[in-house]
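Remarks on the structure that follows.
The values are calculated or read from the model by the stated rules, or taken from the named source; none is laboratory data. Computed from a predicted structure; not experimentally measured. Counting neighbours? That spans all protein chains shown, and the Cβs are built from the backbone with ideal geometry, glycine included. For accessibility, only protein heavy atoms count, side chains too; no ligands or nucleic acids. Shrake-Rupley method; radii C 1.70, N 1.55, O 1.52, S 1.80 Å.
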2 protein chains.
Amino acid sequence: MMTMEEFYATGRRTVIGSLTFTAEDIVRFARDFDPQPFHLDAEEARHSLFGGLCASGWHTSAGWMQCFVRFWKDEQRRLAAEGLQAPRLGPSPGFRDLKWLKPVYAGDIVTYAVTFLESRTLASRPGWRINTILCEGENQHGEAVIRFESKVIEFV
Amino acid sequence: MMTMEEFYATGRRTVIGSLTFTAEDIVRFARDFDPQPFHLDAEEARHSLFGGLCASGWHTSAGWMQCFVRFWKDEQRRLAAEGLQAPRLGPSPGFRDLKWLKPVYAGDIVTYAVTFLESRTLASRPGWRINTILCEGENQHGEAVIRFESKVIEFV
């Protein structure tokens, strides 16, 4: 079994997938978690600071995870087909400095990426490593819309 | 119109609401955004690191927003009834140091709170302030499950 550090070159950016934010998806998420006018109604959104219906930032964030889980399952399959075992990832203790850089409007396509930044052992937990990854999303115009640094536990 | 700073005492913690994380809600969110076994299936979750079905961290985070939006609408109504105008909040540019401190298991009740930390003007944007708030959630046993610091724009 290879570790994340052996596997992913530090600083190499990997696209993990794209999501189209339809008006329907935006409104459905917002109804549950962020029912503000500019996430619920195109007409009200037009008169808001945003100027148009846009996704809740929590939706844009969760979209990163949606793409990452799919990407990681594909990686596991791809490596298995080569006779390799993917690094064993555990939960995330959290992340830092999440920035919503631009609104994500109805119809926008966000392409998410991950960049492996660093890995370190945990003195308190033998056999655990903690990896830092940079998580990003950009829209179809190449504009960054979201960015955060996440931590992921790895069992070695 | 009062500002957040005039209105909310620095460091005062305000409970903004509670959410029960049912197995059904946990699985529904996870199917869309975080389809990992320990968020999807009670039996598989039992054999995972978590030991039981638990919510995606992105679900726990979005739950904070869900409670905050409801709380803030109530605040606006409460103040209007007193002839006062609530501070005009805008979007959030992001947050930092989000920590998922404990898993949120099926059946757990998370009580969310907000604490006003500080407010400052934005030299680049006259009439805008940027507020820092501490966002927290604890389970029914009084254990902290989530914590992050958020920024919120205010128009004055």
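Considering every alpha-carbon pair of region B:78-156, the percent of pairs per 5 Å bin, from zero through the bin containing the longest distance, is 3, 14, 18, 17, 15, 14, 10, 6, 2, 0.
Across chain B, the relative contact order, built from alpha-carbon pairs under 8 Å that are at least six residues apart, equals 30 percent. Angle of helix B:23-33 to the longest C-alpha principal axis of chain B, folded into 0 to 90 degrees and rounded to 10: 80°. Between B:A42 and A:R125, what's the calculated FRET efficiency when r is the beta-carbon distance and R0 is 22 Å? Round to 0.05. Efficiency at R0 = 22 Å is approximately 0.25. If we count every other residue with Cβ under 13 angstrom of B:I146's Cβ, Lys/Arg +1 and Asp/Glu -1, where does the sum land? Taking every Cβ under 13 Å from that of B:I146, the sum is -3.
Taking the C-alpha atoms only, the angle from helix B:57-81 to the longest principal axis of chain B is near 40 degrees. Take A:W128, move 7 Å from Cα toward the beta carbon, and the resulting point lies 3.9 nm from the same point in each other copy, nearest first. Chains B and A: what accessible area do they bury, summed, in square angstrom to the nearest 100, with a 1.4 Å probe? Interface between B and A: roughly 2700 Å².
Using the alpha carbons alone, the radius of gyration of region B:1-69 stands to its Kirkwood radius in an Rg to Rh ratio of 1.19.
Length gained on full extension, A:A23 to A:F155: 43.5 nm, using 0.36 nm per residue less the C-alpha separation.
Quotient of the Cα radius of gyration of region A:4-155 and 2.2 N^0.38 Å, N being its number of residues: 1.18. Among B:L49, B:L19, B:L134, the largest mean-square fluctuation in a Gaussian network model of chain B, built with springs joining Cα atoms closer than 10 Å, belongs to B:L49. Using a cut-off of 28 Å between Cα atoms, the listed pairs A:K102/B:K73; A:K151/B:K151; A:K151/B:K73 include A:K151/B:K73 as exceeding that distance.
Express in whole angstrom the spacing between the alpha-carbon centres of region A:98-156 and region B:1-49. Measuring centre to centre over Cα atoms gives 20 Å. Along its three principal directions, the equivalent ellipsoid of the protein assembly as shown from the Cα gyration tensor extends over semi-axes of 34, 22, 19 Å, largest first.
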